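Beneath this line is the structure, given in structure tokens, with notes to follow.
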Amino acid sequence: MPDRSPSSGRVPRALSSLDAASDRLDRGWLAILLLALVAAAVSFLVATRVFPYHSLNHDEGVYIQQAELLLSGRLFLRPPVDGPFRPWFFVDGPEGLYSKYAPVPAAVFALGRALGAYPIALAGIAATVVGGTAAVARELFDARVGVVAGLLVLASPLFLVQSGTYLPYAVTAAFELVFAYAYLRGERTGSRRLAAVAGAAIGVAFFGRPYTAVLFAAPFVAHAVVTLVRSGAWRRPFRAVDDARRDLFARRLATAGLGTAGVVVALGYNAVMTGDPLEFPFAAFAPEDGIGFGERSLLGHEVDYTLGLGLEANALVLETLFTDWVAMGSLGAVLAAVGVGWTARTGRRRPTALAWRRGVLAGLFLSITAGNVGFWGNYNVLGRLDVATDGLIYHLGPYYHYDLLVPTAVFGAVAAVRGGERLRAVAADRLPDSLPVDRAAADRLAVGLLLVAAGVGGAVAVGAAQDPIERNAAVSDQLEVAYEPFQEQGGLSAGNAALHGNATEERTLTFLPPVYGPWLNHPFQAVRNDPDFDGRSLYALGDDDELDVAAAHPEYRLRRYVVRGAWSPAGGDAVTAELRPVERVSGESVRLDTAVGVPEGAQSVSIRVGGDDGQTYAIADASPGTLNLSLVVADGEARLSGEGIAASGGRSSTNGSVDPAFPVDDRDELTLTVFVGTGPSSGFSYDLTFPVDTGGETVRALSPTRERCPVPARCVPAGLGPSPPGTFVDATIVGTASAQNGTNSR
């Protein structure tokens with residue numbers, strides 16, 4: 001019987017070797033854990049420092065609004081007034097407003113908010129992506145490859161930028177990586193539990209982003225089907241087969257069963273939201289915004305998406321990805337290609353089960369690349385194909401190809417590690433025979449060369465990541481100026497939550513301009529409504545239904561957010577913004593008193609005032625100075641008056657003269673335009689617009705917007721920013737009889 005006592009030389013040495021292997025294993029996982037923690041910290045910093053007001057992709061506001069809806073325990077928004085409270089990319093359904101997106105990413109973000117702040121969710125997602133990639137690489141290769149793969153993901157500009165945004169791509173990748181690791185490890189260990197975890201993870205990923213999950217899972221599904229068919233276990237799984245085949249069948253059943261459960265849940269969600277299990281919410285929002293070729297459209301943006309256009313757009317996207325958005329740019333892409341080649345050559349020499357599993361990961365390059373050709377979003381993300389700095393891709397990267405970061409990092413790590421091994425072997429062969437310690441000298445030489453290579457690669461990686469971070473930080477600087485009026489009255493609450501309009505308990509309702517159409521959170525992502533629409537700060541679209549909104553919130557102080565300048569922060573254009581009070585007036589009549597400036601050199605002044613039901617015209621003296629006008633609304637009509645004006649057109653009275661009055665609808669929006677001519681074909685105008693309601697016992701109105709229009713199609717808020725000498729517009733609106741005291745909207 002062998003001696004197992006401590007005095008035996010062989011057994012302690014064997015135990016020592018096992019301990020050393022255990023230490024290496026522990027160090028490898030510890031390194032992956034540390035990388036995940038670094039990724040979490042980086043994500044938190046990017047979210048709060050680079051994107052404090054969110055990114056140029058306004059889908060972020062959709063997901064955050066949906067997360068807050070889920071936190072309130074509901075799936076539908078039911079605003080107090082239809083129209084002015086509809087957020088960007090929300091569908092108007094019979095049960096209320098609902099997001100066009102599946103709730104999985106929003107649910108993950110909501111979990112972060114429940115734990116204290118939204119960026120906590122982003123930190124967890126980033127940690128999972130980096131740690132999951134490293135774990136997959138370790139499972140397929142070894143601990144060193146795993147650590148380097150995690151580093152390469154962490155150094156990828158696409159990962160860094162997306163780690164700070166509330167978009168679904170990293171979230172979906174996190175679930176896909178759980179699926180990939182569980183599946184691959186389950187194949188090696190025969191664990192049914194891991195097979196079940198894999199099925200559940202890919203089921204959740206499918207619920208979140210069906211097409212993305214299908215493209216990622218495709219190589220794994222092919223592997224699962226081929227190995228099951230080749231085993232013969234599918235014919236008679238519970239008899240006439242050995243335990244290994246029976247276990248294989250059980251694993252496939254667990255993965256497929258739970259994966260299918262995710263599909264069933266997604267279809268059930270569709271049935272609840274759209275009334276049809278086969279109609280996804282995004283299709284209910286825009287039926288032509290889907291996968292495939294032909295006519296594609298989204299909110300008026302249309303294109304004939306042909307195969308040729310898809311190939312051209314995706315070639316540009318892939319070129320951008322592998323030159324600018326992976327770690328070390330083109331160098332990182334070359335490393336990945338070398339890693340794939342090395343793995344393929346090794347697999348051909350030794351076609352083991354492990355080699356086939358490695359091939360599954362390489363298959364992601366094919367499935368994701370080919371599948372994205374059929375999605376016209378890759379055309380949209382580019383903007384103009386011939387302009388490299390256009391489109392969201394310039395700031396946020398080719399995010400529809402986010403999943404390609406995983407195989408790129410893993411096979412890049414394979415090339416780096418195997419290259420290091422080859423370098424050490426070559427160094428040992430080249431050392432003179434006279435050196436007493438060849439192995440140690442070779443190691444030192446190899447480490448020195450690797451450090452030089454790492455320094456070069458690290459500098460390239462830092463440079464590649466620096467540019468997009470700086471571009472997005474510059475956008476945030478412009479957004480900070482735009483949101484400054486809100487900051488002055490409350491500031492940004494913790495964790496990328498909404499900007500609140502005041503620091504006191506006073507309730508405010510702010511009318512926002514429809515910069516990009518009839519949507520909230522587009523572009524104003526940082527100001528959002530509570531799901532119950534009862535927060536101390538509410539936001540509604542201006543211009544339409546303002547009186548209904550005001551009537552539904554009598555306890556709120558009203559304001560308008562006015563902005564001067566084009567809202568294009570990506571172009572470096574700053575805007576000037578201001579919050580202006582809006583007053584409610586009512587009475588037997590409502591009177592608008594206006595004073596406008598007529599500058600030196602004015603040659604003519606003409607006036608037009610009207611609404612949906614009628615209008616009238618007048619001319620005025622063009623002498624420099626102040627022109628005073630009044631508009632009184634009462635008894636279903638409005639009447640214009642003022643010193644030195646003469647009627648020039650309008651509704652004829654019974655005696656044949658021109659009547660300065662015109663009819664007003666029960667619910668109308670009146671616009672007073674004063675055009676100042678400065679030459680035969682030049683001039684500018686003042687526009688004042690306000691809503692009125694004459695259908696009740698009293699006339700109700702809100703104080704007007706005031707704009708100066710250098711040209712008819714381009715107006716700026718009057719009094720905001722510089723104005724030419726002698727130009728100004730002031731307005732006071734008052735209610736008479738039962739009205740409150742007059743209020744000045746100056």
Check your understanding: Does the range 584-599 include one or more residues that are in the same structural domain as residue 694 (by TED's automatic domain parsing), touching a Pro at 6+ places or on another chain (Cβ under 7 Å) and outside any strand (DSSP E or B)?
Key -> yes
Check your understanding: Looking at the range 537-544, is at least one residue in contact with an Asp or Glu (Cβ under 9 Å, 6 or more places away or on another chain), within 19 Å of residue 68 (Cβ to Cβ) and either in the same structural domain as residue 695 (by TED's automatic domain parsing) or hydroxyl-bearing (Ser, Thr, Tyr) (or both)?
Key -> yes
**Study point:** Sole exception among (1) exposed (fewer than 11 other Cβ atoms within 10 Å of the Cβ); (2) at pLDDT 55 or above for residue 38, by number
**Key:** (1)
Check your understanding: Any residue at all in the range 272-281 that is in a helix (DSSP H, G or I) and surrounded by fewer than 17 Cβ atoms within 10 Å (Cβ to Cβ)?
Key -> yes
Check your understanding: outside any loop (DSSP other than H, G, I, E, B), more than 26 Å from the chain's Cα centre (by Cα) and either at pLDDT 95 or above or closer than 23 Å to residue 369 by Cβ (or both): does that describe residue 267?
Key -> no
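Table: residues versus (1) assigned to a loop (DSSP other than H, G, I, E, B); (2) at positive phi; (3) at pLDDT below 90; (4) loosely packed, with under 14 Cβ neighbours inside 10 Å.
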| residue | (1), (2), (3), (4) |
| --- | --- |
| 700 | no, no, no, no |
| 709 | no, no, no, no |
| 716 | no, no, no, no |
| 726 | yes, yes, no, no |
| 730 | no, no, no, no |
| 734 | no, no, no, no |
| 739 | yes, no, yes, no |
| 746 | yes, no, yes, no |
Exercise for review: Enumerate the helices (runs of 4 or more DSSP H) found wholly within the range 84-176, keeping only those where 3 or more residues are more than 23 Å from residue 361 (Cβ to Cβ) and in contact with a helix residue (DSSP H, G or I) (Cβ under 6 Å, 6 or more places away or on another chain).
Suggested key: 104-114, 118-140
Check your understanding: Does residue 216 count as crowded, with 24+ Cβ neighbours inside 10 Å, closer than 19 Å to residue 364 by Cα and within 21 Å of the chain's Cα centre (by Cα)?
Key -> no
Practice item. Assess whether residue 569 counts as being at pLDDT below 90, over 24 Å from residue 509 (Cα atoms) and touching a Pro at 6+ places or on another chain (Cβ under 9 Å). Key: yes
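For the range 372-485, which helices (runs of 4 or more DSSP H) that fit wholly inside it have 3 or more residues that are in contact with a helix residue (DSSP H, G or I) (Cβ under 7 Å, 6 or more places away or on another chain), modelled with pLDDT under 90 and crowded, with 20+ Cβ neighbours inside 10 Å?
Numbers: elements: 377-380, 393-396, 405-430, 438-482.
Passing ranges, in order: 438-482.
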Review point. When residue 712 is evaluated against the numbered criteria (1) under 25 Å from residue 515 (Cβ atoms); (2) more than 38 Å from the chain's Cα centre (by Cα), which criterion, by number, is the only one it fails?
Key: (2)
Check your understanding: Can you tell me which residues in the range 276-297 are over 21 Å from residue 368 (Cα atoms) and either in contact with a His (Cβ under 8 Å, 6 or more places away or on another chain) or without any contact (Cβ under 8 Å) to a residue 60 or more places away in the chain (or both)?
Key -> 276, 277, 278, 279, 283, 287, 288, 295, 297
Practice item. Filter the range 283-297 for residues that are within 20 Å of residue 92 (Cβ to Cβ) and crowded, with 19+ Cβ neighbours inside 10 Å and give the result. Key: 285
Revision key, fill the gap. In the range 641-670, anything touching an Asp or Glu at 6+ places or on another chain (Cβ under 6 Å) and either modelled with pLDDT of 90 or more or of a type in the set (D, E, K, R) (or both) is listed as 651, 663, 664, 665, 667, 668
Study note, to complete from the structure: Being crowded, with 23+ Cβ neighbours inside 10 Å, among the aliphatic types (A, V, I, L, M), over 23 Å from residue 320 (Cα atoms) and over 24 Å from the mean Cα position of the chain (by Cα) narrows 177, 184 down to just 184
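So that you can scan it fast, the table gives a plain yes or no per residue for (1) under 30 Å from residue 27 (Cβ atoms); (2) out of contact with any strand residue (DSSP E or B) (no Cβ under 9 Å at 6 or more places or on another chain):
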| position | (1), (2) |
| --- | --- |
| 67 | no, yes |
| 83 | no, no |
| 90 | no, no |
| 95 | no, yes |
| 99 | no, no |
| 111 | no, yes |
| 116 | no, yes |
| 124 | yes, yes |
| 135 | yes, yes |
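The values are calculated or read from the model by the stated rules, or taken from the named source; none is laboratory data. Remember, it's a predicted structure, so these values are computed and weren't measured experimentally. All Cβ positions, glycine included, derive from the backbone under ideal geometry; neighbour counts span all protein chains shown.
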